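The values are calculated or read from the model by the stated rules, or taken from the named source; none is laboratory data. Values in this document were obtained by computation on a predicted structure and should not be read as measured data. Every residue, glycine as well, gets a Cβ built from its backbone with ideal geometry; the counts of neighbours run over all protein chains shown.
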Amino acid sequence: MEAKKQVLLVEDVPSHSILTIKFLNHCGISNDLVTTGQECLSYCRDKRPDLILLDIGLPDMSGIEVLQQLRTQPSYANLPIIAETAHAVYGKKEELLSLGFTDCLEKPFSIEQFTTVVRKHLPIPENKKEAD
Amino acid sequence: MSCPFRKISHPSIPSLWNRVKAIFFPDQIGNLDSYKDLFPIFNTIFDSIIIIDEHGTILFANQTTEKMFGYTQEELLGHNVKILQPEPFRSQHDSYLKNYLTTGEKKIIGIGREVVGQKKNGSTIRIDLAVTEHFIKNKRFFTGTIRDVTDKKTLEDLRIENVRMEALNTAKNEFITVMSHELRTPLHAIMGFTECLLNGLDGPVNPEQLKSLQRIDHAGRHLLGLVNGVLELSKISANPKKIVMEPCNFIEILENCLQIVLPLAEKKELKLEKSIQKSPCTITGNPESLREICLNLLGNAIRFTESGKIVVTFSCDEKQLTLSITDTGIGLNEQDLSKLFIPFALVSLKRNGEENSFGIGLAISKKLVEAHGGTITVTSKKGEGSCFTVQLPLQQTNLTHPGKEHGS
């Protein structure tokens, strides 16, 4: 049995973090929450999550800056980091992917869209989800 | 040669010339004819040249003056120069001249400035005016040269207006982008938590609660559609050329859209008839945009038709394709037809007792059609139905996409 997958959620809007945690619990994925870019960076110095859900509009720095700092570290060079953004500007997703994000979730997203993206980058056994 | 402007003879008005000579150079009459050869110089000049005395009376005007202001020499000579000015300058001119003669205060003389002139027909022109004062035998004269800068100024105004409009448009698009983001943030919570409840993530809900949740979900989707629509409209308006074009199989796109809307038509027991030509039709376009146009028109036809049928006809020649969607729906009166493509324009059709708007779908479709170099037209009769026709060129003239016969 492989170790339980751990997701780090970086989100400052309380209603959004509660919602995402519900979605993650629904998928049977354990998670930690931080609300600023600095907290995210210091969390990542101590632990290494299996996937990061990173909001772009953070209060202290942009999610893009956080990503760029993480990507300079060898252990984070290939870690799945998924952007979450409410900016649905034309070409935004492409831009985020070109900057080094693994994938992008545009708010508002449904449980189905969320699950599809997270599963794609973090394989979860089917029965985990059903077990809830 | 103390007075180079003396050669005022005009081939057609020798008598006037004599009059001018009498007023202007009473002591030189008899000598001026020797300068007549110099006269054509004034008529080769594109600017108007006018000489007045200290009362403002016109003593000389060249041919350009006639053309510029629409007066003949007879109508100019001996008249006050203020006839060439619109109000309120016309009424002020006498006192301005008098003021200058007593105080020496200059407003134009020796300075030159842009002023407004008035033609005989009452229309105004914008002119650059330069005036010099000079004396001949102790008599004071003013010579003005006038250049019509109306066209130049209009162009300049248009350019300034254009820059202003562009800045305004950029600000508008930025506003819409920010607004869209601001709206999405709470919408994400509304739709997300509704979905959690609908899916039982927070425990079971009773059937009545489920219905309410479905209504919230429906309204949330509607609102998201509007937010996306406004954003999309602003995006296409800002830069229609940014739409990526590629060869697409139009019939495939259309058939695909028909499949999507078929259940909606069946639900309302509407017949969906189609007459689509068999031969393939490849268009250089944006597949997503083409899909959106088809879905919007088909969706509207079904939405606004309660009984009868929707007829879809499609044909294509070597240059363009024509898609027509005819319904037997509620139709529109002429007043509403004119507002059809304006985003959120209110129309008189009332559903559920509320004033209704067309929303934003048709406005987007029109922009998308135009971005493809095509046209969208509509004919309609209140109570009988509507027919929307889209014509699209198969090749974009301003784009060069060599090669590929068929898209993916």
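Taking A:Lys93 as the residue in question, decide whether it is modelled with pLDDT under 95 and crowded, with 18+ Cβ neighbours inside 10 Å. So A:Lys93 passes the test.
Pairs linking a residue in the stretch B:93-111 that is surrounded by 10 or more Cβ atoms within 10 Å (Cβ to Cβ) to a residue that is at pLDDT 80 or above and among the small types (Gly, Ala, Ser), with Cβ atoms under 6 Å and 6 or more positions apart or on different chains, are B:Leu97/B:Gly56.
Within 19 Å of A:Thr102 (Cα to Cα) and free of Cβ contacts under 8 Å to residues at least 24 places away in the same chain: is that true of A:Asn31 in this structure? No; evaluated as a whole, the condition is false for this residue.
For the stretch B:306-324, the set of residues classified as surrounded by fewer than 21 Cβ atoms within 10 Å (Cβ to Cβ) and under 13 Å from B:Phe388 (Cβ atoms) consists of B:Val311, B:Thr313, B:Phe314, B:Thr322, B:Ser324, listed by residue number. Taking into account only those residues within the stretch B:177-208 that are at the interface with chain A (Cβ under 10 Å from one of its Cβ atoms) and over 26 Å from A:Ile21 (Cβ atoms), which is surrounded by the most Cβ atoms within 10 Å (Cβ to Cβ)? Only one residue tops the list, namely B:Thr177.
Comparison of B:Gly220, B:Gly225 shows that the only residue that is within 12 Å of another protein chain (Cβ to nearest Cβ), at pLDDT 90 or above and either outside any helix (DSSP H, G or I) or surrounded by 11 or more Cβ atoms within 10 Å (Cβ to Cβ) (or both) is B:Gly220. Inspection of the stretch B:304-327 finds a residue satisfying the criterion of being assigned to a loop (DSSP other than H, G, I, E, B), small (Gly, Ala, Ser), on the phi > 0 side of the Ramachandran plot and assigned by TED's automatic domain parsing to the domain that holds B:Cys387. Counted as qualifying within the stretch A:1-113 are the strands (runs of 3 or more DSSP E) with 1 or more residues that are within 11 Å of chain B (Cβ to nearest Cβ) and of a type in the set (S, T, N, Q), namely A:81-85.
Let's see how each residue does on (1) exposed (fewer than 13 other Cβ atoms within 10 Å of the Cβ); (2) of a type in the set (A, V, I, L, M); (3) within 14 Å of chain A (Cβ to nearest Cβ):
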| position | (1), (2), (3) |
| --- | --- |
| B:Leu231 | no, yes, yes |
| B:Pro240 | no, no, yes |
| B:Ile243 | no, yes, yes |
| B:Ile253 | no, yes, no |
| B:Cys257 | no, no, no |
| B:Lys267 | yes, no, no |
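Checking B:Lys172, B:Lys211 one by one, the residue that is more than 21 Å from A:Ile111 (Cβ to Cβ) and away from every other protein chain (no Cβ under 13 Å) is B:Lys172 and no other.
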